[in-house]
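Below is one structure; the comments refer to it alone.
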Amino acid sequence: MDFLPREQIIRDLQQSFQMYINQYGIEDIGIFEEEGEDDRFYLGYTVRKDGKTYHIHTPYMKNNNGELAVIHEDWTVETDEPQREDLSGYPDLDSVFREI
């Protein structure tokens, strides 16, 4: 498992902002971060498309130095709609953005 500084992962995610906006008609995009239980951490994107907000993330493991390593490459999509279930198991971001 390769651990990287959180800031480096965020920079890597930010480099794709404009491409996703242009390619998928996204209205707004930012970084999603959430601390999970124990050593879990979730990083990805908060996206607004067609007036709806989506939180798209993948799980990371956090070590004692605060560095992160991807646990698995699957992406999960959460919406701001409470009655809607989270969708998970997307193998890549392109499949997520095509779906939303």
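Structural remarks
For every residue, the table says whether it meets (1) over 18 Å from Glu7 (Cα atoms); (2) out of contact with any Leu (no Cβ under 6 Å at 6 or more places or on another chain).
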{"position": "Tyr24", "(1), (2)": "yes, yes"}
{"position": "Ile29", "(1), (2)": "no, yes"}
{"position": "Asp38", "(1), (2)": "yes, yes"}
{"position": "Lys52", "(1), (2)": "yes, yes"}
{"position": "Tyr60", "(1), (2)": "no, no"}
{"position": "Ala69", "(1), (2)": "no, yes"}
{"position": "Glu78", "(1), (2)": "yes, yes"}
{"position": "Gln83", "(1), (2)": "yes, yes"}
{"position": "Asp92", "(1), (2)": "yes, yes"}
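- If you check Thr79, Thr46 for being within 11 Å of the chain's Cα centre (by Cα), surrounded by 13 or more Cβ atoms within 10 Å (Cβ to Cβ) and not hydrophobic (A, V, I, L, M, F, W, C), only one passes: Thr46.
- Residue count for region 15-29, restricted to those that are surrounded by 13 or more Cβ atoms within 10 Å (Cβ to Cβ) and in contact with a helix residue (DSSP H, G or I) (Cβ under 9 Å, 6 or more places away or on another chain): 5.
- Positions within region 45-71 being of a type outside the set (Lys, Arg) and farther than 22 Å from Arg11 by Cβ, in sequence order: Asp50, Gly51, Thr53, Asn64
All of the numbers you see were taken from the coordinates with simple rules; none came from a lab. All of these numbers come straight from a predicted model, not from anything done at the bench. Cβ atoms come from the backbone with ideal geometry, glycine included; neighbour counts cover every protein chain shown.
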